[in-house]
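The values are calculated or read from the model by the stated rules, or taken from the named source; none is laboratory data. Quick caveat: nothing in here was measured; it's all calculated off a predicted structure. Glycine gets a Cβ as well: all are built from the backbone with ideal geometry, and neighbour counts include every protein chain shown. Keep in mind that these areas ignore ligands, DNA and RNA; they rest on the heavy atoms of the full protein, side chains included. Shrake-Rupley method; radii C 1.70, N 1.55, O 1.52, S 1.80 Å.
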Amino acid sequence: MHSALEEANSCIARDEVPIGAVLVERDTGKIVAQAGNRTRELADPTAHAEMLVIRQHCEKLGVQRLPEYDLYVTLEPCPMCAAAISYARINTLYIGASDPKSGGVISGPCLYEHSQLHHKPQVVSDLMSDECGQILTEFFKKKRKLR
(Lines give C-alpha, C1' and ligand atoms only; values in the text may rest on other atoms or scores of the structure.)
Protein backbone atom coordinates (compact mmCIF):
# COMPACT_ATOMS: atom_id res chain seq x y z
CA MET A 1 0.00 0.00 0.00
CA HIS A 2 2.99 2.29 0.50
CA SER A 3 3.70 2.22 -3.24
CA ALA A 4 0.05 2.93 -4.04
CA LEU A 5 0.23 5.93 -1.70
CA GLU A 6 3.32 7.17 -3.56
CA GLU A 7 1.34 6.99 -6.79
CA ALA A 8 -1.51 8.90 -5.14
CA ASN A 9 0.91 11.60 -4.00
CA SER A 10 2.24 11.96 -7.55
CA CYS A 11 -1.28 12.83 -8.72
CA ILE A 12 -1.32 16.08 -6.76
CA ALA A 13 1.27 17.78 -8.99
CA ARG A 14 -0.92 16.91 -12.01
CA ASP A 15 -4.04 18.27 -10.27
CA GLU A 16 -5.57 14.81 -10.35
CA VAL A 17 -7.64 13.31 -7.56
CA PRO A 18 -4.92 11.50 -5.55
CA ILE A 19 -5.74 7.84 -5.92
CA GLY A 20 -3.01 5.28 -6.56
CA ALA A 21 -3.03 1.64 -7.57
CA VAL A 22 -0.38 -1.05 -7.68
CA LEU A 23 -0.66 -4.47 -9.33
CA VAL A 24 1.41 -7.16 -7.61
CA GLU A 25 2.35 -10.64 -8.75
CA ARG A 26 0.83 -12.89 -6.13
CA ASP A 27 3.63 -15.49 -5.90
CA THR A 28 6.61 -13.13 -5.84
CA GLY A 29 5.19 -9.92 -4.39
CA LYS A 30 6.77 -8.05 -7.31
CA ILE A 31 5.08 -4.84 -8.45
CA VAL A 32 4.32 -5.24 -12.17
CA ALA A 33 2.29 -2.08 -12.81
CA GLN A 34 1.52 1.10 -10.92
CA ALA A 35 -0.40 4.26 -11.68
CA GLY A 36 -2.25 7.20 -10.27
CA ASN A 37 -5.39 8.79 -11.66
CA ARG A 38 -4.92 10.51 -15.04
CA THR A 39 -8.47 11.46 -16.00
CA ARG A 40 -7.68 15.16 -16.49
CA GLU A 41 -4.27 14.67 -18.06
CA LEU A 42 -5.55 12.14 -20.61
CA ALA A 43 -9.01 13.75 -20.98
CA ASP A 44 -10.41 10.28 -20.31
CA PRO A 45 -13.07 9.67 -17.68
CA THR A 46 -12.02 6.00 -17.51
CA ALA A 47 -8.36 6.75 -16.72
CA HIS A 48 -8.71 5.77 -13.07
CA ALA A 49 -5.62 4.32 -11.40
CA GLU A 50 -7.13 0.82 -11.26
CA MET A 51 -8.07 0.83 -14.94
CA LEU A 52 -4.63 2.06 -15.95
CA VAL A 53 -2.71 -0.69 -14.15
CA ILE A 54 -5.04 -3.40 -15.44
CA ARG A 55 -4.76 -2.10 -19.03
CA GLN A 56 -0.99 -1.68 -18.74
CA HIS A 57 -0.30 -5.21 -17.58
CA CYS A 58 -2.89 -6.94 -19.77
CA GLU A 59 -1.38 -5.20 -22.80
CA LYS A 60 2.15 -6.14 -21.73
CA LEU A 61 1.20 -9.81 -21.36
CA GLY A 62 -1.27 -9.90 -24.26
CA VAL A 63 -4.03 -11.29 -22.02
CA GLN A 64 -7.41 -10.17 -20.75
CA ARG A 65 -7.28 -11.80 -17.33
CA LEU A 66 -4.87 -11.49 -14.42
CA PRO A 67 -5.78 -14.22 -11.89
CA GLU A 68 -2.22 -14.47 -10.55
CA TYR A 69 -2.22 -10.84 -9.40
CA ASP A 70 -3.40 -8.75 -6.47
CA LEU A 71 -4.40 -5.11 -6.68
CA TYR A 72 -3.71 -2.49 -4.00
CA VAL A 73 -5.68 0.75 -4.30
CA THR A 74 -5.74 3.70 -1.93
CA LEU A 75 -9.48 4.32 -2.24
CA GLU A 76 -12.34 1.89 -2.64
CA PRO A 77 -12.92 1.37 -6.37
CA CYS A 78 -15.92 2.96 -8.03
CA PRO A 79 -18.46 0.63 -9.71
CA MET A 80 -16.68 0.93 -13.10
CA CYS A 81 -13.34 -0.10 -11.64
CA ALA A 82 -14.89 -2.77 -9.43
CA ALA A 83 -16.42 -4.39 -12.50
CA ALA A 84 -13.13 -4.17 -14.42
CA ILE A 85 -11.32 -5.81 -11.49
CA SER A 86 -13.83 -8.66 -11.62
CA TYR A 87 -13.56 -9.03 -15.42
CA ALA A 88 -9.75 -9.09 -15.14
CA ARG A 89 -10.09 -11.88 -12.57
CA ILE A 90 -7.84 -10.13 -10.05
CA ASN A 91 -7.25 -12.53 -7.16
CA THR A 92 -7.30 -10.19 -4.15
CA LEU A 93 -8.25 -6.53 -3.91
CA TYR A 94 -6.63 -4.57 -1.08
CA ILE A 95 -8.43 -1.32 -0.28
CA GLY A 96 -7.04 1.61 1.69
CA ALA A 97 -9.89 3.98 2.55
CA SER A 98 -13.56 3.26 1.96
CA ASP A 99 -15.59 5.60 -0.26
CA PRO A 100 -19.15 5.94 1.07
CA LYS A 101 -20.06 8.43 -1.70
CA SER A 102 -18.78 6.64 -4.81
CA GLY A 103 -17.48 3.22 -3.80
CA GLY A 104 -18.69 0.09 -5.52
CA VAL A 105 -17.23 -2.71 -3.42
CA ILE A 106 -17.96 -2.23 0.30
CA SER A 107 -20.15 0.88 -0.09
CA GLY A 108 -22.86 1.78 -2.56
CA PRO A 109 -23.90 -1.04 -4.88
CA CYS A 110 -21.47 -3.63 -3.40
CA LEU A 111 -21.00 -5.18 -6.83
CA TYR A 112 -19.30 -8.33 -5.63
CA GLU A 113 -22.49 -9.37 -3.87
CA HIS A 114 -24.35 -9.56 -7.21
CA SER A 115 -24.62 -12.77 -9.20
CA GLN A 116 -24.05 -10.92 -12.51
CA LEU A 117 -20.33 -10.71 -11.76
CA HIS A 118 -19.01 -14.23 -12.08
CA HIS A 119 -15.63 -13.55 -10.46
CA LYS A 120 -15.55 -12.10 -6.99
CA PRO A 121 -12.06 -11.24 -5.82
CA GLN A 122 -11.13 -11.60 -2.21
CA VAL A 123 -11.38 -8.18 -0.59
CA VAL A 124 -9.24 -6.86 2.25
CA SER A 125 -10.25 -3.38 3.36
CA ASP A 126 -9.03 -0.65 5.70
CA LEU A 127 -5.35 -1.16 4.87
CA MET A 128 -3.63 2.05 5.99
CA SER A 129 -7.05 3.71 5.80
CA ASP A 130 -6.04 6.78 7.81
CA GLU A 131 -3.12 7.59 5.51
CA CYS A 132 -5.11 6.83 2.37
CA GLY A 133 -8.04 8.96 3.49
CA GLN A 134 -5.87 11.84 4.70
CA ILE A 135 -4.30 12.51 1.30
CA LEU A 136 -7.77 12.90 -0.21
CA THR A 137 -9.02 15.07 2.64
CA GLU A 138 -6.06 17.43 2.29
CA PHE A 139 -6.36 17.56 -1.52
CA PHE A 140 -10.02 18.58 -1.43
CA LYS A 141 -9.46 21.01 1.46
CA LYS A 142 -6.92 22.87 -0.68
CA LYS A 143 -9.28 22.79 -3.67
CA ARG A 144 -12.08 24.40 -1.66
CA LYS A 145 -9.73 27.13 -0.40
CA LEU A 146 -8.76 28.04 -3.97
CA ARG A 147 -12.36 28.74 -4.99
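Between the C-alpha center of region 10-63 and that of region 104-147 there is a gap of 15 Å. When the chain is treated as a Gaussian network with alpha carbon springs shorter than 10 Å, the biggest mean-square fluctuation among Gly29, Gly133, Gly104 belongs to Gly29.
Where both residues lie in region 5-147, what percent of DSSP beta bridges are antiparallel, nearest 5? The partial results should precede the final answer.
Values: 10 of 18 bridges.
About 55 percent, rounded to the nearest 5.
For region 39-108, the alpha carbon positions stretch 35, 29, 16 Å along the principal axes, listed from largest to smallest. The magnitude of the dipole of region 24-147, with charges of +1 and -1 set on the Cβ of Lys/Arg and Asp/Glu and taken from the Cα centre, is near 580 debye. A Stokes-Einstein calculation at 37 °C with viscosity 0.692 mPa s, built on the Kirkwood radius of the chain over Cα pairs, returns a diffusion coefficient of 218 µm²/s. Of the trypsin sites (Lys or Arg not before Pro) found in region 1-89, those that fall in a DSSP loop while having at most 14 other beta-carbon atoms within 10 Å are Arg14, Arg26, Lys30, Arg40, Arg65.
Within straight-line reach of Lys30, meaning a Cα separation under 29 Å, sit the following lysines at least 8 residues removed in sequence or on another chain: Lys60, Lys120.
Let me have the relative contact order for region 28-110, percent, based on Cα pairs under 8 Å that are six or more residues apart.
After rounding, I find 24 percent.
Residues in region 39-135 average 50 Å² of solvent-accessible surface per residue, probe 1.4 Å, ligands and nucleic acids excluded. With the simple spin-label model, which puts each label point 7 Å out from Cα in the Cβ direction, the Arg65 to Lys141 separation comes to 4.5 nm. The stretch between His2 and Gln134 holds 46.2 nm of extra length on full extension. This uses 0.36 nm per residue minus the Cα-Cα distance. The slack between Gln116 and Asp44, meaning 0.36 nm per residue of separation minus the straight C-alpha distance, is 23.3 nm. When you restrict to C-alpha pairs under 8 Å that are six or more residues apart and normalise by the size of the chain, the relative contact order lands at 20 percent.
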